[in-house]
Amino acid sequence: VGVRNASINMHARRGSVERAAAIFRSMAHPETKDVISWNVMLAAYANAGMGAEAVLLLRRMQQHGYSPDRVTYVNFLNACDKREMVEHGRSIHARIVVQSKSAPGLCPRTNTVVGCALCSMYARCDSIEEAAAVFCSMEQHNVVSWNAMIGAYAQHGCASLALAVFGSMQQQGVKADAVTMISVLDACASAGDARLGSQVHGWSQQLELRSAALDNAAVNMYAKSGRVAAARQVFEGMQVQRRTVMSWTAMVAAYAGMGHVEQAFRLFYAMQQEGVRPNHVTLISILAACSHAGMLQTGCLYFASMVADYGVRPGQEHTGCIVDMVARAGSVDQAHRLVERSGTGGD
RNA sequence: GUUUAUACACGC
């Protein structure tokens with residue numbers, strides 16, 4: 001069983017939920033499966049953002065007579081990643097509370113993993129009040145729970161609340177880590193506060209919290225504050241080897257967002273020369289840049305050859321760019337043809 | 001090599 005579970009996990013981690021699910025399905029007989037099998041599969045769905053599948057899986061798990069454990073619940077909460085799923089999250093929350101009376105390890109007030117999972121679940125589902133309520137009810141805080149709360153506020157554009165929580169964290173003497181600084185930079189980005197942001201970036205360097213993600217967050221923070229040059233400077237300061245797809249994409253998006261289409265394309269080519277594959281997000285930025293610049297031909301070419309050139313299937317975001325672009329040009333027929341040919345079925 | 005919490009890029 002262990003071998004199979006490991007193999008489900010391996011496929012899921014390599015991005016093939018299909019393969020993972022196939023192995024899981026092949027474990028048809030009850031004796032060949034254990035709680036971990038279900039948990040691994042649930043985690044796979046959660047990481048792939050497949051909330052609906054996670055809901056069905058949890059249901060089936062119980063129908064088959066398995067009792068969810070703490071990992072099951074945490075994995076499931078992880079799968080609740082949008083507003084529409086908040087009710088699922090709430091009902092699991094309620095169950096956790098009830099069951100924690102006989103299973104203390106489940107208690108969100110005393111178990112930080114469960115608490116953080118609930119807090120971030122509510123944040124992802126846009127229920128910031130409930131996220132804060134969970135956070136406040138926790139008796140034990142660690143760096144992760146503080147980070148979760150800072151990140152929750154930052155992502156909802158509540159920059160000053162995020163910074164306030166960051167302040168309390170420091171008052172409590174909890175040492176910030178790289179994730180903390182990323183979340184704070186995120187808050188600065190949403191506030192467009194490059195002054196504070198650069199200070200935060202400076203602190204993190206002093207604290208020797210260097211990571212690619214941190215630099216990416218700084219690039220993004222400057223870009224969102226309209227300071228492309230500063231963003232570029234951080235980007236240039238990164239070791240070429242350490243630049244990830246996200247670094248490049250952030251920089252492409254920064255130029256695209258400022259209407260510097262030429263520069264966006266230059267980086268888009270440069271990243272490929274460095275052997276970094278553009279992903280679906282990179283292509284959204286490129287298509288958006290074409291759209292804003294009225295580069296109808298170029299945009300349609302990239303859209304049409306995305307799969308062949310980059311292995312990226314057009315999603316509704318890409319289609320949205322094209323529709324937008326074509327709407328500006330007033331040639332709706334061409335848009336229909338492209339969209340239908342690519343089979344994305346976007347609206 | 002079996003499963004669990006927080007973080008960075010993206011159109012309208």
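Suppose every K and R has +1 on its Cβ and every D and E has -1 on its Cβ; what is the size of the dipole of segment A:246-347 about the Cα centre, in Debye to the nearest 20?
The dipole magnitude comes to about 100 debye.
Please report, in whole Å, how far the alpha carbons of segment A:112-168 spread along each principal axis, starting with the longest.
Principal extents (largest minus smallest coordinate, Cα): 25, 25, 14 Å.
Under 27 Å between alpha carbons, and skipping anything fewer than 8 positions from residue A:82 in its own chain: which lysines qualify?
A:224
Summing -39500 (n - 2.57) over the DSSP H runs of n ≥ 4 in chain A and dividing by its residue number, what mean residue ellipticity at 222 nm do you reach, to the nearest 500 deg cm²/dmol?
Estimated from H runs of four or more residues: -23000 deg cm²/dmol.
In which sequence would A:92, A:150, A:128 go, from the one with the fewest C-beta neighbours within 10 Å to the one with the most?
Listed from fewest to most nearby Cβ atoms, that is A:128, A:92, A:150.
Under a point-charge model restricted to the Cβ atoms of Lys and Arg (+1) and Asp and Glu (-1), what is the dipole moment magnitude of segment A:1-46 relative to its Cα centre, in debye to the nearest 20?
Its charge dipole is roughly 160 debye.
Placing one identical point scatterer on every Cα of chain A and ignoring solvent, what is log10 I(q)/I(0) from the Debye formula at q = 0.08, 0.09, 0.15 Å⁻¹?
-0.48, -0.61, -1.33
Can you work out the Karplus-derived ³J(HN,Hα) for every residue in segment A:100-111? Use 6.51 cos²θ - 1.76 cosθ + 1.60 with θ = phi - 60°, whole Hz, and x for glycine or proline.
Residue by residue, segment A:100-111 yields 5, 5, 9, 10, x, x, 8, 5, x, 6, 10, 9 Hz.
More than 11 angstrom separation, counting every C-alpha pair in segment A:202-244; what % is that?
63
Round to a whole angstrom and tell me the spacing of the C-alpha centers of segment A:3-40 and segment A:171-208.
Answer, in whole Å: 39.
Rank-order A:302-314, A:110-122, A:26-38, A:275-287 by packing density, defined as the average count of other C-beta atoms within 10 Å over each peptide's residues, highest first.
Final packing ranking: A:110-122, A:275-287, A:302-314, A:26-38.
So if the hydrodynamic radius of segment A:282-334 is defined as the Kirkwood radius over C-alpha pairs, what does Stokes-Einstein give as its diffusion coefficient at 20 °C and 1.002 mPa s, in µm² per second?
200
From the P(r) of segment A:222-347, could you give the percentage of C-alpha pairs in the tail past 18 Å? Write out the running numbers ahead of the final one.
Details: 4019 of 7875 pairs.
The answer is 51 percent, as a whole percent.
Quick one: dipole size for chain A, taken about the Cα centre, charges +1 on Lys/Arg Cβ and -1 on Asp/Glu Cβ, in debye to the nearest 20. Could you put the intermediate results ahead of the total?
On the way: 30 positive and 26 negative charges, 109 e Å.
Using Cβ point charges on Lys, Arg, Asp and Glu, chain A gives about 520 debye.
Read-outs: derived from the displayed coordinates by stated rules, not from any lab. Predicted model, so just to flag it, every value in this text is computed and none were measured. Quick reminder, even Gly has a Cβ in these numbers, built from the backbone with ideal geometry, and neighbours come from all protein chains shown.
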